[in-house]
1. Of a type outside the set (Asp, Glu), buried (at least 23 other Cβ atoms within 10 Å of the Cβ) and part of a loop (DSSP other than H, G, I, E, B) - does that describe any residue in the stretch 192-203?
2. Within the stretch 102-112, which residues are farther than 22 Å from Arg78 by Cβ and within 11 Å of the ligand (Cβ to nearest atom)?
3. Looking only at the stretch 78-92, which residues are in a loop (DSSP other than H, G, I, E, B) and within 16 Å of the ligand (Cβ to nearest atom)?
4. Only one of these is part of a loop (DSSP other than H, G, I, E, B), under 18 Å from the mean Cα position of the chain (by Cα) and near the ligand (Cβ under 10 Å from one of its atoms): Ala115, Ala148. Name it.
5. Looking only at the stretch 148-184, which residues are surrounded by fewer than 20 Cβ atoms within 10 Å (Cβ to Cβ) and over 18 Å from Leu110 (Cβ atoms)?
6. What pairs can you find where one residue is in the stretch 173-199 and more than 16 Å from the ligand (Cβ to nearest atom), the other is of a type in the set (Asp, Glu), and their Cβ atoms are less than 8 Å apart, with a gap of 6+ or different chains?
7. Which residue pairs have Cβ atoms closer than 6 Å, lie 6 or more positions apart in sequence or on different chains, and pair a first residue in the stretch 79-97 that is at positive phi and surrounded by fewer than 24 Cβ atoms within 10 Å (Cβ to Cβ) with a second residue that is of a type in the set (Ser, Thr, Tyr) and part of a loop (DSSP other than H, G, I, E, B)?
Amino acid sequence: MVGMAEAWNEAPLRIGVVAMQGAFREHARAIRTLGAEAVEVRRPEQMEGLDGLILPGGESTAIGQLIQEFGLDPALRRFAEEGRPVYGTCAGMILLAKDVAGSQQYRLGLMDMRAQRNAFGRQRESFETGLAVPALGEEPFPAVFIRAPYIESVQSPCEALAVYGDKIVMAREGRFLATAFHPELTDDLRVHRYFLDMVRQAKEERDLAKGRAGVL
Ligand code: GLN
């Protein structure tokens, strides 16, 4: 029975990448490199059967507006309520925050954190740094920041996974993950692998809850 459950779980994970605007192709490439399926999502019906979802970087107000125009908002909220993992990068991170400093812009608000947009100022519009991310191992992560936000504060159960100076730049709350930087623009796949592990675990838990593990 265990062997059969494992066989079920070996089906490739299907990851949706919201493809309204921004760096969605790069996320899809990283996901495919890791052996999972990547699906570009623009319409609600494209979310069927997905195991996880990525909200890419770009412009959070533009992406938010398109999410509403394309009628994707209810499907995204249902997806999250069903316990399926969501990962937001940069603009995607802003969309995941419950609170955005000084802004009423559209957001999904799934994570107990307060984001600050364009937080590194003009001089530091775009930069790369070796970032300590204990959850990914000892090797610093090559973190690329582009007009990046940061996380001003997190509230339990949301927890900080990385800080740059005194600014939180990576956080997790259960099945939701956020980075202020862009791992899809580097060859280092550890953040995507970390997210796929979250997705695999959530899928196993869903399958067990449905009682499928013993049947298939
Ligand atoms: N500054 C952008 C915003 O507020 C985010 C930048 C990015 O995603 N690279 O949406």
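1. No, the stretch 192-203 contains no residue that is of a type outside the set (Asp, Glu), buried (at least 23 other Cβ atoms within 10 Å of the Cβ) and part of a loop (DSSP other than H, G, I, E, B).
2. Initial filter on the stretch 102-112 (farther than 22 Å from Arg78 by Cβ): 102-104.
Result: Ser103, single match.
3. Taking the stretch 78-92 first, the residues in a loop (DSSP other than H, G, I, E, B) are 82-85, 90.
The answer is Cys90, and nothing else.
4. Working: Ala115 fails: part of a loop (DSSP other than H, G, I, E, B).
On inspection, the qualifying residue turns out to be Ala148.
5. Val163, Tyr164, Gly165, Asp166, Lys167
6. Taking only residues 6 or more apart or on different chains, the pairs are Glu173/Asp112; Glu173/Glu159; His192/Glu184; Val199/Asp51.
7. none
Let's see how each residue does on (1) in contact with a Leu (Cβ under 9 Å, 6 or more places away or on another chain); (2) more than 16 Å from the ligand (Cβ to nearest atom); (3) small (Gly, Ala, Ser); (4) within 21 Å of Arg14 (Cα to Cα):
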site	(1), (2), (3), (4)
Leu53	yes, yes, no, yes
Pro56	no, no, no, yes
Ala62	no, no, yes, no
Leu66	yes, no, no, no
Glu69	no, yes, no, no
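Just so you know, all these numbers are worked out from the coordinates, no wet-lab data involved. Since the structure is predicted, the reported quantities are computational estimates derived from the model, not experimental observations. Using ideal geometry, Cβ is built from the backbone for each residue, glycine included, and neighbour counts are taken over all protein chains shown.
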